[in-house]
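Please treat every number below as a calculation from the coordinates, not as lab data. This one's a predicted model, so the numbers in the text were calculated from it and none came from an experiment. As a convention, Cβ positions derive from the backbone with ideal geometry for all residues, glycine included, and neighbour counts pool all protein chains shown.
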Amino acid sequence: MDLFEYQGKQYFARYGIAVSPGGVADTVEEALGVAARVGYPVVVKAQVKVGGRGKAGGVKLATSDDEVRLHAGNILGLDIKGHVVRRLWIEHASDIEKEYYVSFTLDRPNKVHLGMLSAQGGVEIEVVAEENPDAIAFLSIDPVIGLDLATSRRWVAEADLDEVAREQAAELLVQLYECYTKGDCDLAEINPLILTPEGRVHALDAKVTLDENASYRHPEWEEFRANETEDPREKMAKERGLNYIGLDGTVGIIANGAGLAMSTLDVVNQVGGTAANFLDIGGGANADVMAAALEVINADPKVKSIFVNIFGGITRVDEVANGVLEALKRVDIASPIVLRLDGTNAPEGRAILAPHLNERLVTEATMLDAARRAVAMAKG
Ligand code: GDP
Ligand code: MN
């Protein structure tokens with residue numbers, strides 16, 4: 001999960017990383033309120049989960065109420081690379097002496113953490129890497145050993161940060177590493193990390209990606225999720241514990257196993273249709289899971305037919321068949337359903353369904369035929 005800048009800064013603050021005082025605003029009025037509270041001059045910043053906001057006109061300095069009105073008004077609703085701005089972060093503006101770059105990510109092939117530090121921040125790190133690769137100091141960190149202050153001090157020297165900034169930066173990098181590891185981030189990036197004319201070092205931007213695999217030990221992440229503009233179908237699916245991804249097509253898909261679900265998408269495409277979703281109901285599909293899956297797909301007005309593709313391995317097809325019938329009793333389904341049931345106990349499963357088949361609940365023997373049928377139903 002990617003965080004907005006303001007959420008990233010909140011996350012940083014938990015680990016003691018210095019950020020500017022500020023607040024969020026969803027309207028011009030709220031922006032004025034925050035500006036009054038933190039004191040002029042302020043920076044008005046678009047909150048979108050995409051980089052390069054500055055260049056796109058999403059970061060503006062304001063020295064008065066009138067300027068806040070102007071910039072907040074312009075930035076709210078602005079489209080930045082396909083992301084429409086709904087929220088602003090207003091913070092007390094900093095004077096900048098120097099802009100640095102720092103990030104931690106996972107170096108997967110080498111099974112270590114990778115720190116990148118540069119005295120040339122403020123611009124995209126890809127540009128620095130291209131034009132001046134020597135300006136980036138890389139640090140491989142063994143996750144078992146971690147990053148200590150002594151190593152961090154050598155690192156800031158190697159990156160050639162200004163003398164006056166080094167001790168503060170070294171401490172901040174250790175804090176950021178703590179945030180990145182204990183906070184279960186896939187990425188923690190500060191660009192720019194600034195040195196002020198008064199000699200203070202702090203984070204002016206925050207880019208944080210949280211590792212969703214660790215969400216079970218971070219109940220506090222819920223507050224970040226609450227503000228996520230999520231697909232309502234995906235939200236509904238998540239509440240029902242389903243592994244669901246909404247797409248734009250007209251054929252709703254239910255399959256057991258991620259591989260089979262992906263193949264089902266491919267086959268639907270192959271025969272000229274479009275999938276409305278990806279949905280893997282996993283092993284042991286019972287009536288509850290099937291009902292939940294049908295409910296979510298049923299809530300999508302674009303869906304015109306539903307393709308249930310089950311290959312029973314450990315999952316028994318007779319149980320799936322009972323699950324489908326049970327689910328149909330509970331949920332009023334708007335679209336016709338095509339079933340392809342194969343594998344363990346398939347004959348038993350088909351026998352269970354046989355008395356219930358009609359023009360809105362049909363079976364096909366193969367995946368390809370079932371896809372053709374579902375696509376035809378979606379079109380006609
Ligand atoms: P990004 O463009 O999405 O990376 O947004 P940033 O938060 O990094 O802001 C872009 C640029 O705006 C920074 O590199 C700074 O040069 C500038 N900027 C942001 N905040 C301040 C501030 O408080 N004072 C000054 N003088 N410039 C700022
Ligand atoms: Mn930035």
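Taking every residue in region 24-45 that is away from ligand 1 (no atom under 12 Å from the Cβ) and pairing it with any residue that is among the charged types (D, E, K, R), at least 6 positions away or on another chain, the pairs with Cβ-Cβ distances below 6 Å are VAL24/ARG87; ASP26/ARG87; VAL28/ARG69; LEU32/ASP65. From the list ASN243, ASN213, the one residue that fits, being away from ligand 1 (no atom under 16 Å from the Cβ) and in contact with a helix residue (DSSP H, G or I) (Cβ under 8 Å, 6 or more places away or on another chain), is ASN243.
Among the helices (runs of 4 or more DSSP H) lying completely within region 228-318, list those that include at least 2 residues that are of a type in the set (Lys, Arg). Here the list reads 232-239. Candidates in region 176-192 are the residues that are part of a strand (DSSP E or B) and more than 16 Å from ligand 1 (Cβ to nearest atom); of these, the one that is surrounded by the fewest Cβ atoms within 10 Å (Cβ to Cβ) is ASP186. Based on what the data block shows, is GLY122 within 30 Å of the chain's Cα centre (by Cα) and not in a strand (DSSP E or B)? Taking the combined requirement at face value, the residue satisfies it.
Flag: GLY16 does not match the condition of being under 18 Å from ILE194 (Cα atoms), without any contact (Cβ under 8 Å) to a residue 60 or more places away in the chain and in a loop (DSSP other than H, G, I, E, B). Any residue that is part of a strand (DSSP E or B) and closer than 26 Å to ALA13 by Cβ - is there at least one of those in region 140-151? Scanning region 140-151, I find at least one residue that is part of a strand (DSSP E or B) and closer than 26 Å to ALA13 by Cβ, so the answer is yes. Within region 92-104, is there a residue that is farther than 19 Å from LYS207 by Cα, within 16 Å of ligand 2 (Cβ to nearest atom) and within 26 Å of the chain's Cα centre (by Cα)? Looking through region 92-104, none of the residues is farther than 19 Å from LYS207 by Cα, within 16 Å of ligand 2 (Cβ to nearest atom) and within 26 Å of the chain's Cα centre (by Cα). When LEU195, LEU260 are checked against the criterion of being over 18 Å from VAL303 (Cβ atoms) and within 16 Å of ligand 1 (Cβ to nearest atom), a single residue qualifies: LEU195.
All of (1) away from ligand 2 (no atom under 16 Å from the Cβ); (2) surrounded by 14 or more Cβ atoms within 10 Å (Cβ to Cβ); (3) in a strand (DSSP E or B) hold for VAL164 with one exception: (3). The residues on offer are VAL85, VAL19, VAL102, and the sole one that is among the β-branched types (Val, Ile, Thr), buried (at least 19 other Cβ atoms within 10 Å of the Cβ) and farther than 23 Å from GLN175 by Cβ is VAL85.
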